[in-house]
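Structure, as structure tokens:
Nothing in this text is a laboratory measurement; each read-out follows from the coordinates by a stated rule. Here the structure is a predicted model, which means the values were calculated and not measured. Glycine gets a Cβ as well: all are built from the backbone with ideal geometry, and neighbour counts include every protein chain shown.
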Amino acid sequence: MLIVPMIVCGAESLAERRIMLRLKKAFDLLKYITLLAVVLLAATLLFGIGLPVGLLVIIATVSFALYCMGNPKLKGNAFTAWVFVSVSIAMICPPAFGTWFGFDLKYLMTPLIQTIMFGMGTTLSVQDFSRVIAMPWPVFVGFFLQYTVMPFVGLGLAILFGFEPEIAAGIVLIGSCPGGVASNLMAYLAGGNVALSVTMTSCSTLLSPVMTPFLMKFLAGRMVPINFMEMMLSILNMIIVPIVAGLIANRILYGKNARYGAIKFLLPLALGCLTAGFGVIYIDAGLFGSLAVLKTGIIIGLLLVGIVALLKLIITEWLHGPANWMDKTLPVVSMTGICFIIGIITARSSEKLLSVGLLLILASVLHNTIGYTLGYWLSRFLKLNVIDSRTVAIEVGMQNGGMASGLAMEVLKSANAALAPAIFGPWMNVSGSILAAWWHRKPVNK
């Protein structure tokens, strides 16, 4: 009787080993394809052998990105690799991120950012906002440095490098945005105060409809026209409304009350939200009055809450699947959305990027690095302990690049202004990972 299970287990183990071996061979093949493409690219550039440079660049970046996804040591760099893929395609073939079947992809930017912000909201709870009462001084220090260091350093760098007004405004814009949600992950990897990081991100984001337009009006008003009210409403639409919808979804997904898993609750909620979401699409925007700009945020919020409720009903309640299915889905959705956003921006500013690209990259690296440095040492000067200072440094140095990109395109109406956020975003993930790994190897006695 005991032999049969042993044979079955052995067969399953053998089958799994065969699959893993095949996958390893496939990923090794991707490594060699990458190396071959790089060698041919170098030979073409050095000796002019006549091979298509653009095609070789795309093959090299795509194969390397796929290889990163299958290599445990490089898996953390997969997102950055896919960003390079989208940038390469956008630079070599701008129409790829231009118009699809008569639809201009730039109109996808706001819904993509709203979806990413909704995902951020699903990771938050009311406790993340109320935690400020338990640690008011570290949160205040982080908030103060967030909205002083990065905006003024951005302005200084824009003046120092002598960028044209729109690009300079983009540098100030990325500095005037709240912290990015990636900072929470980096704080965790660095052994920082994750609760403080999440609370700082939540509070700085919640106050961004006032702080970001104010700083832009004050610091960048002479570079480009800034409409305070228009920018504030755009932030509410693009960031705050989806986050509020995400908070509702968080309660649906992770609420302890038994009714959140009941069919009689989830099914009517899903159908009601989906019906309302599609219904708002056909409502005349004039009926919203001055709040018409919030229409897309309301639509996306209703539809996504409805989809989450419906998927929880199907995956968790009917199919008895994993309860953390949302946690596995969000990173893929966010990564895909950000790559699309960067591709859309790059395609519309490819010529400008060729002329100022290296200087803009240098400015972004300096902006990010100075943010980390001043964030840490000013926190220490203001009497925060080492762990909290590291957390604040990461929070200050890492910005919400998606929000900055969306505001540049939607409010400033400038793809050139969106270049700095498009460069800053991928770089901060690279630098944040390096800094987190460094601090992780130097733990602090709590």
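Please work out the C-alpha center-to-center distance from segment 190-223 to segment 341-379 and express it in whole Å.
Centre-to-centre distance over Cα atoms comes out at 18 Å.
Given the rule -39500 (n - 2.57) for each run of at least 4 DSSP H residues, summed and divided by the residues of the chain, what is its mean residue ellipticity at 222 nm, to the nearest 500 deg cm²/dmol?
So the calculated ellipticity at 222 nm is -24000 deg cm²/dmol.
What residues have an amide H closer than 5 Å to that of Ile226, excluding those fewer than 5 places away on the same chain, when H is modeled at 1.01 Å from N in the peptide plane?
Hits under the 5 Å cutoff: none.
Select from Pro421, Pro213, Pro95 the residue whose mean-square fluctuation is largest in a Gaussian network model of the chain (Cα-Cα springs shorter than 10 Å).
Result for the chain, Cα springs under 10 Å: Pro95 fluctuates most.
Could you work out how much longer the chain between Lys328 and Leu359 gets when fully extended? Use 0.36 nm per residue separation minus the Cα distance between them, nm to one decimal.
Separation in residues times 0.36 nm, less the Cα-Cα distance, equals 7.5 nm.
Separation of segment 59-79 and segment 110-162 by C-alpha centroid, Å?
30 Å
What are the residues whose amide H is under 5 Å from the amide H of Gln399, where those residues sit 5 or more places off or on another chain and H is modelled from the backbone?
Excluding prolines and chain starts, which carry no amide H, the hits are Gly180.
So for segment 56-155, what percent of the C-alpha to C-alpha distances run longer than 17 Å?
74 percent
Take each complete run of DSSP H in the chain, measure how far its Cα atoms stretch along the helix's own axis, and keep only those covering 30 Å or more with mean Kyte-Doolittle hydropathy at least 1.0; list them.
Within the chain the helices that satisfy the rule are 3-47, 325-348.
Determine, from the Cβ-Cβ distance of Leu23 and Ile315 and an R0 of 30 Å, the FRET efficiency 1/(1 + (r/R0)^6), rounded to the nearest 0.05.
Result of the calculation: an efficiency of 0.70.
If each residue's Cβ is checked for other Cβ atoms within 10 Å, how do His320, His440, His367 rank with the fewest at the top?
His320, His440, His367
Quote the charge dipole size of segment 98-440 about the Cα centre in Debye, to the nearest 20; the model charges only the Cβ of Lys and Arg (+1) and of Asp and Glu (-1).
In total the dipole reaches around 520 debye.
Dividing the alpha-carbon radius of gyration of the chain by 2.2 N^0.38 Å (N being the number of residues), what value is obtained?
Computed over Cα atoms of the chain, the ratio equals 1.05.
Between their Cα atoms, which of Lys383/Lys442; Lys73/Lys328; Lys217/Lys352; Lys73/Lys383; Lys352/Lys442 are more than 30 Å away from each other?
Violating the 30 Å limit, Cα to Cα: Lys73/Lys383; Lys352/Lys442.
Would you mind putting 62-74, 243-255 in packing order, based on average other-beta-carbon counts within 10 Å, highest first?
Descending packing order for the listed peptides: 243-255, 62-74.
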